[in-house]
Amino acid sequence: MRVMGKVVSNPSLRVDPDRDRITVDGERIVAECKVYLMLNKPRGLVTTRDDPEGRGTVYDCIADLDLPFVSPVGRLDKASEGLLLMTNDTRWANGLLDPASHVAKTYHVQIASVPDEAMLARFRTGAVVEGELLTASSVELLRSGGRNAWLEIMLGEGRNRQIRRLLGAFDIEVLRLVRVAIGALQLGDLAKGKARHLTAEELAMVRV
C-alpha cells in the first residue's frame with residue numbers, strides 16, 4: 001500500500017481518505033459514500049449483524065437495499081422497537097453516542113398500570129439499581145386507560161435497558177417501548193420494518 005506515493009507497512013497508520021491519496025497495486029482506494037439510514041425497528045429483532053441463536057436481526061430489514069456495510073448507531077433491545085439509525089460514518093455515529101453531545105432520545109412507553117402524579121415524580125427522581133443511579137430527563141403521562149398507560153420518557157444519556165430497569169425498580173411492567181425521536185429527528189410515519197435515507201435537513205438535525 002502507498003499513501004501519498006510512499007510505501008506504508010504500518011497497519012495502525014491513521015489516514016484521511018478525503019485528503020490522502022491511497023493506492024494498492026497502483027489502484028487508488030477511495031472512501032465509500034457516506035450512508036445515513038433511519039429504520040423503524042420491529043419488535044423481536046436483535047440489533048446485531050449475526051446472531052448465534054439464529055434470531056432475526058435488523059439487517060433483515062435492509063437486505064434488499066443496495067448498500068455498503070452499515071452499522072447500528074447504538075442499540076434497541078430485542079423487545080423494543082422504533083427509531084434506529086444506521087450508518088457507515090463511524091465518526092458521526094461516535095459523536096451521537098458520546099454523552100458529551102447531549103443528544104436526547106425520546107420514547108413512548110406503555111406500562112401495565114396507571115400512575116398518579118406521585119408515582120410520576122418518583123420516576124423523575126430515579127432509582128438506584130445494582131449500585132447505579134438511573135434517571136430520566138423527563139417523564140410525562142401521554143394517556144391512560146383502565147389498566148395501563150402510555151408515558152413519554154426522554155433520556156439524555158442512554159444506558160443498558162435503562163427505562164426497563166428504572167421502571168422495574170418500582171415494580172412497573174413495561175408492555176411496549178418505542179423510540180420515537182433522536183434529538184429533533186422524528187420517526188414519523190415510517191412503516192415498521194422499513195428503512196430510508198435521511199434527508200439533508202434531517203441529517204442537520206442530528207449533526208454533532
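What follows draws every value from the coordinates through simple rules; no lab data is involved. Keep in mind it's a predicted model, so treat the numbers as computed, not measured. As a convention, Cβ positions derive from the backbone with ideal geometry for all residues, glycine included, and neighbour counts pool all protein chains shown.
Some points to look at:
- For the chain, lysine pairs with C-alpha atoms less than 25 angstrom apart, excluding pairs fewer than eight positions apart on the same chain, total 12.
- In terms of other Cβ atoms within 10 Å, Met154, Met38 run from fewest to most in the order Met154, Met38.
- Considering only Leu142, Leu65, Leu151, the mean-square fluctuation computed in a Gaussian network model of the chain, springs between alpha carbons under 10 angstrom, is largest for Leu65.
- A Förster radius of 25 Å, combined with the Cβ-Cβ distance separating Arg124 from Arg43, puts the computed FRET efficiency at roughly 0.40.
- Counting other Cβ atoms within 10 Å as a rough exposure proxy, the listed residues Cys33, Cys61 run Cys33, Cys61 from fewest neighbours to most.
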